[in-house]
Amino acid sequence: MLTSAQWTAVWDGTLITLEITAFAIVVGCLLGVVLALGRLSKHRILRALSWFYIWFFRGTPLLLQLFMVYYAIPIIYLESTGSQLNIDPMVCAFITFSLNTTAYLAEIIRAGIESIPGGQMEAAKAIGMTYGQAMRKIIIPQTYKRLIAPVGNELVMLLKDTSLVSSIALSDLLRTTKTMANASGNWLYYLYAAAIYLFLTTLLQLGTDRLEIKLGAYEKR
Amino acid sequence: MSMVKVEDVHKQFGDLQVLKGINFEVNPKEVVCIIGPSGSGKSTMLRCINRLERITSGKIYVEDELTENRMNGKTVEKIDPQKLANLCLDIGMVFQNFNLFPHLTVLENVTIGPTVVKKENAKITEEHAMELLEKVGMADRKDEYPARLSGGQQQRVAIARALAMNPKVMLFDEPTSALDPELVGEVLQTMKELAQEGMTMIIVTHEIGFAREVADRVIFMDDGVICEEGRPQDILLNPKEDRTKEFLNKIL
């Protein structure tokens with residue numbers, strides 16, 4: 001059994017895991033919509049920029065991105081300005097996970113928007129809506145139900161991937177239990193981590209399942 | 001004054017010439033039916049009027065105001081966007097596949113235009129919407145989602161949705177083509193009532209009986225040109241052009 005000090009450590013680690021996940025998914029959804037619209041834009045430069053962003057962040061390992069933000073940026077900063085930059089690892093995690101998730105969510109959202117029949121945009125324009133109004137009131141709301149499953153997927157992956165932050169000295173859930181396992185030589189500490197990850201992902205899955213049913217109610221005949 | 005005027009309109013999709021110099025004019029309160037074989041450019045013509053398609057060259061006027069003046073796919077005369085938006089609001093459209101917004105109830109489908117586009121007061125909009133739903137016989141289904149309605153009911157709601165913007169002219173793009181035969185009548189009846197109230201209507205249709213009964217004028221299009229136009233009894237009963245005769249023989 002864990003001592004109460006160990007429970008506190010596990011709890012703190014879990015909070016770090018949850019904070020990074022929550023921050024990244026919120027920022028990712030917001031930036032993801034912007035990027036998705038960029039991908040669908042008429043303007044070639046916007047399309048190219050969005051494509052480039054997604055290409056880069058999906059095409060390189062998340063761990064590498066984390067290292068780049070954590071190690072490379074202070075070095076570049078030192079080279080170019082001559083002064084030290086100390087980045088809080090938590091801030092690094094927020095930035096990296098948000099940027100990375102944005103790329104995946106952008107593609108999910110873009111596919112969602114493209115799955116809405118073209119007649120919907122035409123009908124919205126025929127009653128005088130601008131592109132922005134049609135997107136906000138007609139097109140994007142119809143994607144919600146279709147986005148739940150893939151976004152839920154992304155959320156579960158994200159939650160587990162946050163364990164990578166142990167490599168930049170953040171004591172998240174996995175690293176906390178690893179420290180305990182190493183100190184005691186008892187690998188069973190990892191089971192606590194596994195149980196908590198499973199518990200959290202189960203909650204996410206149940207939540208997204210229910211949300212999907214609720215958001216799709218209008219499709220019922 | 002004319003409600004809609006189309007001058008030498010050409011439309012090309014890539015190498016395909018869909019409209020090859022169309023001219024016509026629709027007067028206020030007039031009901032014009034456009035008939036013709038599939039691929040003759042009828043729907044494209046209609047969609048060009050409210051700019052769902054941009055014409056390749058020619059001019060379009062709405063209420064005597066220029067809305068399009070293009071040449072070889074380029075705009076010749078730029079129209080003030082605000083003015084253009086206002087003119088487009090005077091054009092309502094009803095689609096073959098209804099295109100109701102599935103995530104909104106019947107009532108919300110009708111109110112969303114005025115609330116979002118005109119920023120109208122919610123209470124006034126709703127009262128107006130209920131009047132329109134009453135008129136198309138859908139008031140008792142106001143809280144249903146479109147998925148639970150028949151095609152005919154959806155199309156009647158779509159008509160109410162277009163009318164909610166108080167258009168001066170209504171475009172109908174084969175409004176009954178996607179309906180089961182037994183549902184066609186209710187939609188045509190609604191359209192007939194609208195015509196009797198004096199709405200200006202341009203209707204692309206295959207319903208020859210309806211055209212004969214309701215239209216003031218029939219336009220027969222084939223292969224991107226207007227072959228023949230005139231009073232319904234002349235065009236539909238005594239067509240002069242061989243192509244019109246051939247088409248009518250096929251569908252009647």
Just need a number here: residues in the range B:86-103 that are more than 7 Å from chain A (Cβ to nearest Cβ), open to solvent by 20 Å² or more (accessible area, probe 1.4 Å) and not polar (S, T, N, Q). 2
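Is it the case that the range A:126-142 has a residue that's open to solvent by less than 20 Å² (accessible area, probe 1.4 Å), farther than 20 Å from residue A:203 by Cα, in a helix (DSSP H, G or I) and not hydrophobic (A, V, I, L, M, F, W, C)?
So far as the range A:126-142 goes, yes, one or more of its residues are open to solvent by less than 20 Å² (accessible area, probe 1.4 Å), farther than 20 Å from residue A:203 by Cα, in a helix (DSSP H, G or I) and not hydrophobic (A, V, I, L, M, F, W, C).
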Please work out if residue B:176 is more than 10 Å from chain A (Cβ to nearest Cβ), in a helix (DSSP H, G or I), without any contact (Cβ under 8 Å) to a residue 40 or more places away in the chain and open to solvent by less than 20 Å² (accessible area, probe 1.4 Å). no
Quick check on residue B:40: is it buried (at least 16 other Cβ atoms within 10 Å of the Cβ), over 14 Å from the mean Cα position of the chain (by Cα) and at pLDDT below 95? yes
Show me the strands (runs of 3 or more DSSP E) entirely contained within the range B:1-110 in which 1 or more residues are farther than 26 Å from residue B:132 by Cα. B:4-13, B:16-26, B:31-35, B:57-62, B:65-71
When the range A:41-67 is examined, which residues are found to be touching a residue at least 60 places away in the same chain (Cβ under 8 Å) and open to solvent by 50 Å² or more (accessible area, probe 1.4 Å)? A:63, A:67
Could you tell me which of the residues A:128, A:82 is modelled with pLDDT under 95 and within 14 Å of chain B (Cβ to nearest Cβ)? A:128
Which listed residue is buried (at least 23 other Cβ atoms within 10 Å of the Cβ) and within 13 Å of chain A (Cβ to nearest Cβ), from B:156, B:148, B:161: B:161
Output for Cβ contacts, cut-off 7 Å, separation at least six or different chains, first residue closer than 13 Å to residue B:17 by Cβ in the range B:55-74, second acidic (Asp, Glu) and open to solvent by less than 20 Å² (accessible area, probe 1.4 Å), reads B:55/B:68
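Confirm whether residue A:147 is in a helix (DSSP H, G or I) and open to solvent by less than 50 Å² (accessible area, probe 1.4 Å).
Spelling it out, residue A:147 is indeed in a helix (DSSP H, G or I) and open to solvent by less than 50 Å² (accessible area, probe 1.4 Å).
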Selection status of residue A:171, assigned to a loop (DSSP other than H, G, I, E, B), small (Gly, Ala, Ser), over 21 Å from residue A:218 (Cα atoms) and more than 14 Å from chain B (Cβ to nearest Cβ): yes
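The values are calculated or read from the model by the stated rules, or taken from the named source; none is laboratory data. Since this is a predicted model, take the numbers as computed values, not measurements. Reconstructed Cβ throughout: ideal geometry from the backbone, glycine too, with neighbour counts over all protein chains shown. Side chains are part of the model used for accessible areas, which takes the heavy atoms of the whole protein and leaves out ligands, DNA and RNA. Shrake-Rupley method; radii C 1.70, N 1.55, O 1.52, S 1.80 Å.
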